[in-house]
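Novice: Pasting a structure below so you can have a look.
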């Protein structure tokens with residue numbers, strides 16, 4: 001008889017490092033649909049965490065719940081960022097507290113140039129990410145600073161969406177499917193950028209269907225299945241566990 005593999009011993013592994021972002025017993029609904037079912041995990045400062053799972057596992061819903069977008073509706077649980085209670089905040093307040101969500105559709109503002117998209121998001125005066133520093137990070141954006149943002153290529157729009165989040169001097173970058181529809185060479189370029197900002201202390205959560213690429217980038221991985229966590233551990237452990245990958249990631 002085939003027995004479903006049990007990876008629960010890996011879930012929510014304790015660590016001695018202090019958590020920078022903590023999600024505790026979070027539950028969220030879309031209408032009557034129970035999407036996020038008691039999720040718990042920590043993210044440490046300067047870490048890249050891959051939030052993975054099959055389609056419908058609850059990855060994007062978990063990311064949006066952390067960002068306090070209002071959809072899905074969080075009904076229970078706590079979310080803490082650097083000792084600040086995000087679960088008591090609106091999405092606007094959570095953004096002010098240091099969350100930067102880059103949604104799957106990027107949401108570049110029509111009618112505005114690259115530079116105007118960045119200026120609209122930038123705090124005044126900029127503390128960490130001036131326009132000059134953002135253009136150093138994304139040279140293509142500097143070359144196209146006067147071009148309307150929505151006329152950029154898909155990869156360039158993704159760069160703009162990430163740069164726009166950084167312009168607010170955020171503490172945590174939340175990326176929802178950043179590689180979707182992009183050529184591998186552009187994915188390589190974006191990954192190099194994410195590694196660069198990690199080296200400067202940025203904390204990142206990435207939701208990505210290209211699980212192998214995300215795992216190769218990440219320090220740790222949390223795997224969701226039908227709204228619950230089935231694995232919380234190192235990304236290397238997932239890459240080295242064919243049974244786990246086949247069961248929950250179909251790779």
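Novice: Test of understanding: among 215, 174, 194, which residue is within 24 Å of residue 30 (Cβ to Cβ) and at pLDDT 95 or above?
Specialist: It is 174.
Novice: Inspect region 65-76 for any residue being within 14 Å of the chain's Cα centre (by Cα), free of Cβ contacts under 8 Å to residues at least 60 places away in the same chain and part of a strand (DSSP E or B) and give the result as yes or no.
Specialist: No - not one qualifying residue is present in region 65-76.
Residues checked against (1) part of a helix (DSSP H, G or I); (2) touching a helix residue (DSSP H, G or I) at 6+ places or on another chain (Cβ under 9 Å):
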residue: 145; (1), (2): no, yes
residue: 150; (1), (2): yes, yes
residue: 160; (1), (2): yes, yes
residue: 163; (1), (2): yes, yes
residue: 168; (1), (2): no, yes
residue: 174; (1), (2): no, yes
residue: 180; (1), (2): no, yes
residue: 188; (1), (2): yes, no
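Novice: Identify, by number, the condition in (1) within 19 Å of the chain's Cα centre (by Cα); (2) more than 11 Å from residue 67 (Cβ to Cβ); (3) assigned to a helix (DSSP H, G or I) that residue 95 doesn't meet.
Specialist: (2)
Novice: Only one of these is touching a helix residue (DSSP H, G or I) at 6+ places or on another chain (Cβ under 6 Å) and at pLDDT 95 or above: 74, 102, 23. Name it.
Specialist: 102
Novice: Next question. Go through region 105-117 and give me each residue that's surrounded by 16 or more Cβ atoms within 10 Å (Cβ to Cβ) and either in contact with a helix residue (DSSP H, G or I) (Cβ under 6 Å, 6 or more places away or on another chain) or at pLDDT below 95 (or both).
Specialist: 106, 108, 114, 117
Novice: Okay, next question. For residues in region 192-248 being more than 18 Å from the chain's Cα centre (by Cα) and in a loop (DSSP other than H, G, I, E, B), which is nearest to residue 23 (Cα to Cα)?
Specialist: 226
Novice: Go through region 69-82 and give me each residue that's crowded, with 20+ Cβ neighbours inside 10 Å and under 26 Å from residue 195 (Cα atoms).
Specialist: 79, 81
Novice: What residue, among those in region 141-189 that are over 18 Å from residue 112 (Cβ atoms), surrounded by fewer than 19 Cβ atoms within 10 Å (Cβ to Cβ) and touching a residue at least 40 places away in the same chain (Cβ under 8 Å), is nearest to the chain's Cα centre (by Cα)?
Specialist: 171
Novice: OK, next. Residue check: is residue 136 touching a helix residue (DSSP H, G or I) at 6+ places or on another chain (Cβ under 9 Å), in a helix (DSSP H, G or I) and more than 29 Å from residue 215 (Cβ to Cβ)?
Specialist: no
The values are calculated or read from the model by the stated rules, or taken from the named source; none is laboratory data. Just so we're clear, the structure is a prediction, and the values are computed from it rather than from any experiment. No Cβ is skipped: glycine too gets one built from the backbone with ideal geometry, and neighbour counts run over all protein chains shown.
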